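Note sheet for the following structure.
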Amino acid sequence: MTSRTMRRAIALFLPLVLLPPPARAAAKPSSQIAWGGGGTADGQFDRPRDVAVDGNGRVFVADTFNDRIQVFDGNGAFLFKFGTTGSGPGQLHEPYGISISRDGSVLVADTGNHRVERFDPQGQFLATWGERGTAPGDFEDPVGIAGGLGGTVYVTDRALHRVQKFTAAGQFVRAWGSEGAAAGEFRWPWGIDIDEAGHVYVADAANHRVQQFDFDGQFERAWGSLGTMPGQFMQPLGLAVGLHHEIFVVDQLNARVQQFAAGSDTPALVWGTPGAEPGQFQSPFGIAVDQSGAIFVANSGNHRIEKFGGAVAVTPAAWGALKAKYR
């Protein structure tokens, strides 16, 4: 082989070995099972607003207008419930948000009572904090809640357009945000979640965007705008971080879910249309992802929880070992 021929062969070969492997083909998650229906019986719902999954695969549902939490296995079989209407310890008034802390306890944004309540994994009342007001540690319509690193608790204080951070014991740490559309400001902050690196993601509902902060509330980035195109939103509400650090956003008024790779403004997947058939949404609110990657959506207007499964879009930015996540 001549030197010229060898150079041509190397030029043809090098691009093949230097290119990264292609992303796995993306497939929209498929509806696997749905359960519920309007009513007050066990397993029925009145406009459920949020959903969370614990490390054992149990599904906790904020049955908002029945003033209770219902618990199911991963296939929708009813296990137990807790909470009754009222303002006493362990009682609830229109709970909008629910999350599982890293110690397995259940955090509830008790919206109508303007407080947070903590329960053990079997629904026994443990603690409460907050009251209606504007002072640090008080709330005016807390709707989103998430357990962070070190037992910290983050709450979206919707009507006061801020996020509040607490210790595991409910002691106020700091708050950030005010009403507006600039970076770090909010109009109706709603869903919230934290990834393993401590980044805090907030669905900024009436600004039709998602904002990302560090664990102390320092603004990092934002994406989204008002619209119907992929990557745009019409009132994003629910938000969850997945196993690959991807961000799932419930795009409520577009009746769909959008999935973003970490650091990306362009959705890898978009699914859902308005309606009541499997895979369709009517006023969806909350979302959660379990340790197998199954996705659960509080399909509020259809009074049901819907479980989705299927291939997840994996991009080079998401390569690496998977890590179980307790939210």
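The values are calculated or read from the model by the stated rules, or taken from the named source; none is laboratory data. From a predicted model like this one, the values you see are computed outputs, not experimental measurements. Don't worry about glycine lacking a Cβ; one is built from the backbone with ideal geometry, like all the others, and counts go over all protein chains shown. Keep in mind that these areas ignore ligands, DNA and RNA; they rest on the heavy atoms of the full protein, side chains included. Shrake-Rupley method; radii C 1.70, N 1.55, O 1.52, S 1.80 Å.
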(request) Look at the range 79-110 and say how many of its residues are in contact with a strand residue (DSSP E or B) (Cβ under 6 Å, 6 or more places away or on another chain) and modelled with pLDDT of 95 or more. (result) 21
(request) Among what's in the range 274-289 and is assigned to a strand (DSSP E or B) and open to solvent by less than 10 Å² (accessible area, probe 1.4 Å), pick the residue that is farthest from V249 (Cα to Cα). (result) F281
(request) Return a yes/no flag: does the range 261-273 have any residue that is touching a residue at least 24 places away in the same chain (Cβ under 8 Å), surrounded by 14 or more Cβ atoms within 10 Å (Cβ to Cβ) and under 25 Å from D157 (Cβ atoms). (result) no
(message) So, in the range 169-180, how many residues would count as being touching a residue at least 24 places away in the same chain (Cβ under 8 Å), open to solvent by 50 Å² or more (accessible area, probe 1.4 Å) and closer than 27 Å to H245 by Cβ?
(response) 1
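Listed here are the residues, each with its yes/no results for (1) without any contact (Cβ under 8 Å) to a residue 40 or more places away in the chain; (2) touching a Phe, Trp or Tyr at 6+ places or on another chain (Cβ under 9 Å).
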| site | (1), (2) |
| --- | --- |
| F139 | yes, no |
| G144 | no, yes |
| L149 | no, yes |
| T156 | no, yes |
| R162 | yes, yes |
| F166 | no, yes |
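Quick grid of which residues meet (1) open to solvent by less than 30 Å² (accessible area, probe 1.4 Å); (2) of a type outside the set (V, I, T); (3) closer than 22 Å to G43 by Cβ:
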{"site": "I69", "(1), (2), (3)": "yes, no, yes"}
{"site": "N75", "(1), (2), (3)": "no, yes, yes"}
{"site": "L79", "(1), (2), (3)": "no, yes, yes"}
{"site": "G90", "(1), (2), (3)": "yes, yes, yes"}
{"site": "P95", "(1), (2), (3)": "yes, yes, yes"}
{"site": "I98", "(1), (2), (3)": "yes, no, yes"}
{"site": "D103", "(1), (2), (3)": "no, yes, no"}
{"site": "V106", "(1), (2), (3)": "yes, no, yes"}
(message) Return the residues of the range 290-316 that are in a strand (DSSP E or B), within 15 Å of K28 (Cβ to Cβ) and modelled with pLDDT of 95 or more; say none if nothing qualifies.
(response) I295, V297, E306, K307, F308
(message) Quick check on this structure: which one of V155, V173, V163, V241 is under 19 Å from S264 (Cβ atoms), modelled with pLDDT of 95 or more and among the hydrophobic types (A, V, I, L, M, F, W, C)?
(response) V241
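Looking at the range 241-260, which of its residues are under 18 Å from S30 (Cβ atoms), in a strand (DSSP E or B) and open to solvent by less than 10 Å² (accessible area, probe 1.4 Å)? Give the steps one after another, and end with the answer.
Initial filter on the range 241-260 (under 18 Å from S30 (Cβ atoms)): 242-243, 246, 248, 250, 255-259.
From the residues that got through so far, the ones that are in a strand (DSSP E or B) too are 248, 250, 256-259.
Selection gives F248, V250, V257, Q258, Q259.
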(message) Tell me yes or no: at least one residue of the range 227-240 is under 22 Å from H303 (Cβ atoms), under 17 Å from the mean Cα position of the chain (by Cα) and of a type in the set (S, T, N, Q).
(response) yes
(request) Within the range 108-121, track down each residue that is open to solvent by 20 Å² or more (accessible area, probe 1.4 Å) and of a type in the set (S, T, N, Q). (result) N113
